[in-house]
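Reviewing the structure listed below.
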Amino acid sequence: MATIDRVEVLVTSPGRNFVTLRITTSDGVTGLGDATLNGRELAVASYLEDHVAPLLIGRDPARIEDTWQYLYKGAYWRRGPVTMTAIAAVDVALWDIKGKVAGLPVYELLGGRSRDGVLVYCHASGEDVAALLDDVAAYRERGFKAIRAQAAVPGLSGTYGVRKGAYYEPAATALPEEQQWSTSSYLDFAPFYLAKVREKFGFGLHLLHDVHHRLTPIEAARFGKSVEELRLFWMEDPTPAENQEAFRLIRRHTTTPIATGEVLSSVWDVKQLITEQLIDYVRTTAVHAGGITHLRRIFDLAALYQIRTGSHGASDLSPVTVAAAVAVDIAVPNFGIQEHMGHTPETYEVFHGTPRLENGMLYPSDAPGLGITYDDEAAARFPYEPRYLPVARALDGSMHDW
Ligand code: EZ4
Ligand code: CO
């Protein structure tokens, strides 16, 4: 029996911070897992280094489920993003190893392809409506079939989701940037620009929008109702999802589909949303919700309730997570859509072999395992720097959800 011989926690910052777990077996097989928790990176690095690595040495790398249960039940303290991201990194690295040992891509181990490729949505944005429309046009030119639209709310400093340069990176400052928020300005403006997108491009593209946890249930209900005729693919995170029963109220008022779950870490965190059919798409990921093993458990529960998948895929999820996501997405029966922002050229200097993007679809690599390799020399050129996500304050100066 091969054993786990070496466990390394790799921290690098090629354009943004990434934490990666590398497990090496006694047979010399390596597996990679993403452990990046944006703005709280070193907490997960320490959890892995100080509390998980010593438990893995000497274990059988083939026993993925048992290792998952050992780390989950063994922690005693349940769930939470730091624990679930650490467990995820181990789980994904072990799936990578299992694929390499079998000589098969991970999606083959998950039952094989259910579809030819994975539909993705990209992020279009603009400082004003004209800039947003130009950005949507540019993404359509590049072949994207599904596009998320966000525009800067007039009069507010720093709206979520609006790109400044070539790449959108919200965690860009050494201390949290303070942004402004006004619910009434947003509710007046967002339906207006989403209508402009439909007016210009028609209904031949999937249109998405991220509310980013900013509204109360009744405000979210009003928003969903006001954009109903625009037939959004979804409105994302209309309210902070830790209040799962809040979605009952939104549901009573609107047929606009709802997606949520990017900040949630376990099946328990989405159980009510799924079993009461309060959402249409579940956005949990392989990195923040316990790896491939646990994500499949969530997606299988969702399938029983005709809820489809729509995993988070922002650029703070490393190319290892993109590969893990595509392996799951291509295999599960209830796939919906996959978020895809891509990464900077610096990031691709460190992570090689990311899934191929063509005509708005992602295709998994046919390499055994997940197909990602980590370039240590390149990584060493990009040392860790502290970076925080922004915070949002209402116009009276009080804290709001960012
Ligand atoms: O703000 O990943 O849908 N995507 C998102 C992201 C999140 C970031 C936070 O780290 O909401 O842009
Ligand atoms: Co989001």
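Brief remarks on what is shown
- One residue stands out in segment 1-17 among those that are assigned to a strand (DSSP E or B) and within 27 Å of residue 60 (Cα to Cα): the one that is most open to solvent (accessible area, probe 1.4 Å), namely 6.
- Among the residues making up segment 366-402, those that are buried (at least 19 other Cβ atoms within 10 Å of the Cβ), in a loop (DSSP other than H, G, I, E, B) and in contact with a helix residue (DSSP H, G or I) (Cβ under 8 Å, 6 or more places away or on another chain) are 368, 370, 371, 372, 382.
- When 268, 234 are screened for being on the phi < 0 side of the Ramachandran plot, within 16 Å of ligand 1 (Cβ to nearest atom) and hydrophobic (A, V, I, L, M, F, W, C), only 234 passes.
- Unique residue being in a loop (DSSP other than H, G, I, E, B), acidic (Asp, Glu) and open to solvent by 30 Å² or more (accessible area, probe 1.4 Å) when the list is 66, 60: 60
- Residue 82 vs. criteria among the β-branched types (Val, Ile, Thr) and within 16 Å of ligand 1 (Cβ to nearest atom): yes
- Matching entry among 208, 187 (being away from ligand 1 (no atom under 14 Å from the Cβ), closer than 23 Å to residue 262 by Cβ and either open to solvent by less than 70 Å² (accessible area, probe 1.4 Å) or in contact with a His (Cβ under 7 Å, 6 or more places away or on another chain) (or both)): 187
- Hits in segment 238-279 (condition: within 16 Å of ligand 2 (Cβ to nearest atom), touching a residue at least 40 places away in the same chain (Cβ under 8 Å) and either surrounded by 21 or more Cβ atoms within 10 Å (Cβ to Cβ) or assigned to a helix (DSSP H, G or I) (or both)): 259, 261, 262, 265, 269
- Given (1) out of contact with any Pro (no Cβ under 9 Å at 6 or more places or on another chain); (2) of a type in the set (Gly, Ala, Ser); (3) open to solvent by 10 Å² or more (accessible area, probe 1.4 Å), index of the condition residue 226 fails: (1)
- Residues that are in a loop (DSSP other than H, G, I, E, B), under 19 Å from the mean Cα position of the chain (by Cα) and more than 23 Å from residue 109 (Cα to Cα) within segment 332-365 comprise 340, 341, 342, 343, 344, 360, listed in sequence order.
- Residues considered: 19, 9, 44. Of these, the only one that is at negative phi, among the aliphatic types (A, V, I, L, M) and more than 16 Å from ligand 1 (Cβ to nearest atom) is 9.
- Hey, residue 119 within 30 Å of residue 29 (Cα to Cα) and open to solvent by 10 Å² or more (accessible area, probe 1.4 Å) or not: no
- Residue match in segment 124-142 (condition: touching a Gly at 6+ places or on another chain (Cβ under 9 Å), in the same structural domain as residue 332 (by TED's automatic domain parsing) and within 16 Å of ligand 2 (Cβ to nearest atom)): yes
- Only one of 295, 317 that is under 14 Å from the mean Cα position of the chain (by Cα) and either open to solvent by 10 Å² or more (accessible area, probe 1.4 Å) or within 15 Å of ligand 1 (Cβ to nearest atom) (or both): 317
- Tally, over segment 75-106, of residues that are of a type in the set (Phe, Trp, Tyr) and surrounded by fewer than 24 Cβ atoms within 10 Å (Cβ to Cβ): 2
- Search result, residues across segment 298-314 that are away from ligand 2 (no atom under 16 Å from the Cβ) and open to solvent by less than 20 Å² (accessible area, probe 1.4 Å): 298, 299, 302, 307
- Residue in segment 97-123 that is nearest to ligand 2 (Cβ to nearest atom), counting only those that are of a type in the set (Val, Ile, Thr) and either within 23 Å of residue 312 (Cα to Cα) or within 21 Å of the chain's Cα centre (by Cα) (or both): 120
The values are calculated or read from the model by the stated rules, or taken from the named source; none is laboratory data. Note that this is a predicted model, so its numbers are computed, not measured. Ideal geometry is used to build each Cβ from the backbone, glycine not excepted, and the neighbour counts take in all protein chains shown. Note: accessible area is taken over every heavy atom of the protein model, side chains too, but ligands, DNA and RNA are not part of it. Shrake-Rupley method; radii C 1.70, N 1.55, O 1.52, S 1.80 Å.
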